[in-house]
1. List every residue pair whose Cβ atoms sit under 6 Å apart, with the two residues 6 or more apart in sequence or on different chains, where the first one lies in segment 110-122 and is touching a residue at least 40 places away in the same chain (Cβ under 8 Å) and the second, anywhere, is of a type in the set (Gly, Ala, Ser).
2. Kindly provide the set of residues from segment 153-196 that are part of a helix (DSSP H, G or I) and either within 11 Å of the ligand (Cβ to nearest atom) or among the β-branched types (Val, Ile, Thr) (or both), ordered by number.
3. Looking at segment 65-88, which of its residues are open to solvent by less than 60 Å² (accessible area, probe 1.4 Å), out of contact with any Leu (no Cβ under 8 Å at 6 or more places or on another chain) and either within 16 Å of the ligand (Cβ to nearest atom) or not charged (D, E, K, R) (or both)?
4. Tally time: how many residues in segment 36-57 are more than 10 Å from the ligand (Cβ to nearest atom), touching a Leu at 6+ places or on another chain (Cβ under 9 Å) and among the aliphatic types (A, V, I, L, M)?
5. Give the residues of segment 15-35 that are within 22 Å of SER106 (Cα to Cα) and free of Cβ contacts under 8 Å to residues at least 40 places away in the same chain, sorted by residue number.
Amino acid sequence: MNLQGAVTVVTGGARGIGRALAERFAAEGARAVVVADLDREGAERVAAGLGCPSPLGAGLDVTDPAAVARLVDRVEDELGPVDLWCSNAGVALGHDLGDDGDWERSFAVHVLAHVHVARALAPRMAARGRGHLLLTASAAGLLASMDSAPYSVTKHGTVALAEWLAIRWGDAGVGVSCLCPQGVRTAMTEGLGAGSSVLAAGPLLEPEAVAGAVVRGLAEGRFLILPHPEVAEFERRRAADRDRWLAGMRRARARLGG
Ligand SMILES: NC(=O)c1ccc[n+]([C@@H]2O[C@H](COP(=O)([O-])OP(=O)(O)OC[C@H]3O[C@@H](n4cnc5c(N)ncnc54)[C@H](O)[C@@H]3O)[C@@H](O)[C@H]2O)c1
C-alpha cells in the first residue's frame, strides 16, 4: 500500500505507538491523518502537530459500534474513502488471571472493536476494490504474555481475527496486516517492574521504530509485521514443538520468580 496522498485513520493515536504511526504517515505524505482516541484532547493535540494537508483529531471509544460507524461516515464524507484504518487502541489489564471486568474490557478493545471497524469499512473497501486494515495485536498474541491472561488471550484473538479478515476479504482487494511487537517504550510499559516478562524478553523499542516497521511492512504487502524480528523464530519454535516451548516458558517464568 502506498501512503502518498492516502486517507489514514489511527485509533489509540493520542500517544505511544498510535501517535508514532500518525506522525510517520504524515511524514510519508498521507493527505489525511485522523487521530482517534478516548482521549479527545490528546488526539486533537497530536493532529494539530502533524502538518499533513488534512489532519483531524477525534474523540472515539473503539468499543462503541455506533461511534465507530459515525467516525467512518464522517471521515469518508469529509475527507474521502479510507485507504488505511489502523485499529491500534489497546489496554493492559489484569494481572495473572485478572477479574471478569479485565476479560470483558480486554475482549471489547482487542477483539470486538476490530469487528466493529470491519463491519463498517470492509464492505465499502471491497466495493471500491482497495483499502487496508491494520490491527495492532502483540507478540503476546503469537506467543504468550506471562503477566496477564486477559491480555495474552485477547491478543491471540486479535491475530485470529486479522487472519480471518485476510481470508474473508483478501480476494476483494482489502489488505489486512497484523502488527505484533514485543516491548515498546510507551505509557503501557512505563510502570513495569523487574519481574515483568515484557522487560525480560529484551530491550524496549521506541514507538518510532515500530512505525518504521509498519511503513516497510505495508510497502511490502506483509500480513504479519514484526518490529522485533526474533519473534518470527520464537513463533516457529512454538509451532514446531509445543511441549518443548511450554517447558521453556515455564523455566523462564521460574527465573522471573513467578
Ligand atoms: N507498548 C508495548 O510494549 C506494546 C507491545 C505490543 C503491543 N502493544 C499494543 O500496541 C497498541 C498501542 O499501545 P501503546 O503501547 O501505544 O499504549 P498506550 O497506552 O501508550 O496507548 C494506547 C492508547 O489507546 C487509547 N485507548 C484505550 N482504550 C481505548 C478505547 N476504548 N477507545 C479509543 N482509544 C482507546 C488510550 O487512550 C491510549 O491513548 C495497543 O494495542 C497495545 O496492546 C503495545
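1. Pairs found: VAL111/GLY157; HIS114/SER87; VAL117/SER87; ALA120/ALA69.
2. VAL153, THR154, LYS155, THR158, VAL159, ILE167, ALA187, MET188, THR189, GLU190
3. ALA66, ALA69, GLY80, PRO81
4. 2
5. Across segment 15-35, the qualifying residue is only VAL35.
Yes/no matrix, rows are residues, columns are (1) crowded, with 21+ Cβ neighbours inside 10 Å; (2) touching a Pro at 6+ places or on another chain (Cβ under 8 Å):
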residue: GLU163; (1), (2): no, no
residue: ALA209; (1), (2): no, yes
residue: GLY221; (1), (2): no, no
residue: ILE225; (1), (2): yes, no
residue: GLU233; (1), (2): no, no
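The values are calculated or read from the model by the stated rules, or taken from the named source; none is laboratory data. This structure is a prediction, so every number in the text was calculated from the model and none was measured. Heads up, the Cβs are rebuilt from the backbone with ideal geometry, glycines too, and the neighbour counts pull from every protein chain shown. With ligands, DNA and RNA removed, areas are computed over all heavy atoms of the protein, side chains included. Shrake-Rupley method; radii C 1.70, N 1.55, O 1.52, S 1.80 Å.
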